[in-house]
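These notes are about the structure you will find just below.
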Amino acid sequence: MNTEEQKKAAALAALDYIKPGMKVGLGTGSTANHFIAALGEKVKAGLDVLAVPTSRSTRDLATKFGIPLTDLEKHPFLDITVDGADEFNEKFELVKGGGGALLLEKIVATSSRYMVVIADESKKVSTLGRFPLAVEVIPFGVRATAWKIERAMKICGVSGSIDLRRKEGKPFKTDSGNAILDLGLGSIPHPARLSELIKSIPGVVETGIFVDICGIILMGTKDGVKTFRKA
Ligand code: 5RP
């Protein structure tokens, strides 16, 4: 299977975890999109679920596929969230935020009993950090927030670039109206510590490091889908 087929296979395997009556968090990104399409087919065939999207793009896609939507105001406790990841390691630690939806993704995932990650095999790494780490920040004082992040990086023994994410020549805006700083670290030996330190900086809203949130990973491989379950 090529990468796209692996993503789709992982997404289809996630359907096994969806039971009638469940409230489901819907992730963002190309892998999550495969899941949304597949769930839409099940809904068309009569499956009764309610879903909470993690971004405008996911909301639009879920609407297109006829998936009934709700929100965390009406349903603050969800049964399951199915989402992609930019990287994961054997400790079930993730880097997310490549699509800029990390804040809503983290809120929805931590409101769910289970988070199931669906991914192709390129996302499995021995050490997180090859993929740039997204940090969502308030637009006010971005450069000042950036130097404080650099200081936090030093304290954690990591170094690298800090880039303001741009889209079509303009600073990228998240669905919550914030900016994203992408940290090119190469390696993150202590993800939880780095995330906590960065999150203690005024102006930082959230980081793309997910620790102790995901319990099941469905990874598409050349030969089929491999399931990792946290003990
Ligand atoms: C969006 C995310 C995505 O889950 C992550 O970027 C993976 O995307 P894709 O499935 O397209 O590889 O965190 O904020």
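Some points to look at:
- Residues of segment 90-110 that are surrounded by fewer than 24 Cβ atoms within 10 Å (Cβ to Cβ), of a type outside the set (Lys, Arg) and farther than 19 Å from residue 11 by Cα: 90, 93, 103, 107, 110.
- Number of residues in segment 17-37 that are surrounded by fewer than 19 Cβ atoms within 10 Å (Cβ to Cβ) and out of contact with any strand residue (DSSP E or B) (no Cβ under 9 Å at 6 or more places or on another chain) equals 3.
- Selected residue [over 25 Å from residue 90 (Cα atoms) and over 18 Å from the mean Cα position of the chain (by Cα)] from 186, 169: 169
- For residue 155, the criteria (1) of a type in the set (Val, Ile, Thr); (2) outside the structural domain of residue 51 (by TED's automatic domain parsing); (3) surrounded by 13 or more Cβ atoms within 10 Å (Cβ to Cβ) hold in every case but one, which is (3).
- Unique residue being away from the ligand (no atom under 12 Å from the Cβ), of a type in the set (Val, Ile, Thr) and surrounded by fewer than 23 Cβ atoms within 10 Å (Cβ to Cβ) when the list is 43, 52: 43
- Residue in segment 193-207 that is within 14 Å of the chain's Cα centre (by Cα) and not small (Gly, Ala, Ser) present: yes
- Options 200, 195; residue that is within 30 Å of residue 79 (Cβ to Cβ) and not acidic (Asp, Glu): 195
- Check on residue 127, within 23 Å of residue 9 (Cβ to Cβ) and not in a helix (DSSP H, G or I): no
- Here segment 55-76 is the region considered, the condition is being within 17 Å of the chain's Cα centre (by Cα) and polar (S, T, N, Q), and the residue that is surrounded by the fewest Cβ atoms within 10 Å (Cβ to Cβ) is 57.
The values are calculated or read from the model by the stated rules, or taken from the named source; none is laboratory data. Note that this is a predicted model, so its numbers are computed, not measured. Here the Cβ is made from the backbone with ideal geometry for all residues, glycine too, and neighbour counts use every protein chain on show.
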